[in-house]
Amino acid sequence: MHRRCCFFVALCGATQKSALKTEAGCDRRFENSLLRDLLTQNLICFDFMMDTEADVFYRELPKVELHAHLNGSVSFETIEKLIGRKPHLNIEHGMTAIGKGQRRTLDECFQVFKVIHQLVDTEEDILMVATDVIKEFAADGVKYLELRSTPREEKSTGLTKKRYIETVIKAIQQCKNEGVDIDVRFLVAIDRRNGTEVAVETVKLAKEFMRSSDGLVVGIDLSGDPTVGHGKDLLPALQMAKNCGLKLSLHLSEIQSQLEESDLLLDLPPDRIGHGTFLHPEMGGSPSVFDKVVKNNIPLELCLTSNVKGQTVPSYSKHHFKYWYQLGHPSVICTDDKGVFCTDLSQEYQLAASTFGLSREAVWELSQQAIDCIFAPDAVKAAAQTEVD
Ligand SMILES: CNc1ncnc2c1ncn2[C@@H]1O[C@H](COP(=O)(O)O)[C@@H](O)[C@H]1O
Ligand SMILES: [Zn+2]
């Protein structure tokens, strides 16, 4: 959500009414001292909405987002536009997002994606959703974004998987041409429910686009309902992807019963792991899976709010971030689905810091270390490093 720093001051008992409105990035010390003075002199009553100094720190922190599903990242504002385009679907906001303090089962979360997919089923929708999502990440201070999405075929609108990928790429290029301050790459996603054949087809498409997209398509994501399908059926497709130079980010052990599958897929090995909730021994992980993650130094993409709202983790303080972070293992804070879980990357960093007592310096380091884990070529990494140094 775009939070504006604004406050309105109404001078009580004074003949003159004044209103002050400031944008983020204004001189906060001035605002704060002015407010304090007016308050202490009992001159005002006011109605204000103001970002705290901490909010500004987290938003202005240059960030890297490595785990964001396109259709899970659709904001309230974009959903509003989509509902306007398709009133006949009778979809309401409560069906597309999980609000503050709310919890859902993982199964219920996957129902939410189905509703969003109903709203996003044409080329125009995908283009709008992707450009909006990219601009929102940029407004949140994300400087490098790897977006992932599952190409869908829609018989009713004539959309093909190839067209789907082309449309996401078009959105990335449009944002670039408009000068949006963010470097965006794309991971083509395999939904595990769709089995071997679709996985192979997806990898072939990704391979084509890796060669033709001027470096925008960098890898493959394996995601989808973890209770459906088995990784062994997808192994040949994932191996094929790896062999042709596509990077692999795999959702592993998002639920407890996937250890055997994780053990198998870790032999690839993947380049990054999504969630990996039950891989650490403190979370029930076996020595075998733990060793594979540690020995190969595979970065973890950790999504606090997603795991708590989806109830795979009981509370923020029990999140596995703490075990991996303590070990010094590469751990990257991510959003997963900022729209569905009503969050943004700044908020996720802030949550990690407040839950685990991280100093500002540690937060800065955490966000900087994420650069090491990006899938774009080393030259991009080096440029990003020098930009934040
Ligand atoms: C909550 N944890 C999660 N675990 C596994 N897969 C998830 C997920 N969150 C999202 N997705 C995957 O991303 C799709 C929506 O974006 P796209 O249509 O691909 O852009 C979902 O249908 C699911 O396959
Ligand atoms: Zn995910």
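The values are calculated or read from the model by the stated rules, or taken from the named source; none is laboratory data. Predicted, not measured: the structure shown is a model, and the values here were computed from it. A quick note on method: Cβ atoms are made from the backbone with ideal geometry, for glycine too, and the neighbour counts reach across all protein chains shown. Calculation scope for accessible area: heavy atoms of the full protein, side chains included, ligands and nucleic acids excluded. Shrake-Rupley method; radii C 1.70, N 1.55, O 1.52, S 1.80 Å.
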Residue pairs, from the table Lys322/Lys381; Lys247/Lys381; Lys155/Lys232; Lys63/Lys309; Lys143/Lys322, whose Cα atoms sit over 18 Å apart: Lys322/Lys381; Lys155/Lys232; Lys63/Lys309; Lys143/Lys322
Student exercise, segment 244-334 dipole from Lys, Arg, Asp, Glu Cβ charges, in Debye to nearest 20: 340 debye
Size of electric dipole in the chain: Cβ of Lys, Arg +1 and of Asp, Glu -1, about Cα centre, debye, nearest 20: 300 debye
Computed [θ] at 222 nm, deg cm²/dmol, the chain (DSSP H ≥ 4; -39,500 (n - 2.57); rounded to nearest 500): -13000 deg cm²/dmol
Gain upon complete extension [Arg360, Glu80; 0.36 nm per residue less C-alpha separation]: 97.2 nm
Lys/Arg +1, Asp/Glu -1 at C-beta; segment 209-307 dipole; positive extreme among Ile298, Gly231, Gly219: Gly219
Inter-probe distance in nm under a simple model that places probes 7 Å from Cα toward Cβ, at Glu260 and Arg152: 3.2 nm
Derived scalar couplings ³J(HN,Hα) [segment 166-172; Karplus, 6.51 cos²θ - 1.76 cosθ + 1.60; whole Hz; x for Gly, Pro]: 4, 5, 5, 4, 4, 4, 4
Nonlocal amide H pairs with Ile98, under 5 Å, H built at 1.01 Å: Phe341, Cys342
Computed log₁₀ I(q)/I(0) - Debye formula, equal Cα scatterers, no solvent, segment 152-203, q 0.24 Å⁻¹: -0.95
Residue-normalised accessible area of segment 312-379, given per residue in Å² at a 1.4 Å probe: 38 Å²
Qualifying trypsin sites (Lys or Arg not before Pro) in segment 289-333, DSSP loop, other Cβ atoms within 10 Å at most 13: none
Centre separation in Å (Cα based) which lies between segment 310-389 and segment 208-253: 22 Å
Highest-MSF residue in the chain out of Cys334, Cys244, Cys303 [GNM, Cα springs under 10 Å]: Cys244
Estimated FRET transfer efficiency (Ser315, Thr386; beta-carbon r; R0 45 Å; 0.05): 0.70
Efficiency of FRET from Cβ geometry, Asn90 and Cys244, R₀ 56 Å, rounded to 0.05: 0.80
Carbon + sulfur, % of accessible area of the chain - ligands and nucleic acids excluded, 1.4 Å: 52 percent
Calculated over the chain: convex hull of Cα atoms, volume per residue (Å³): 156 Å³
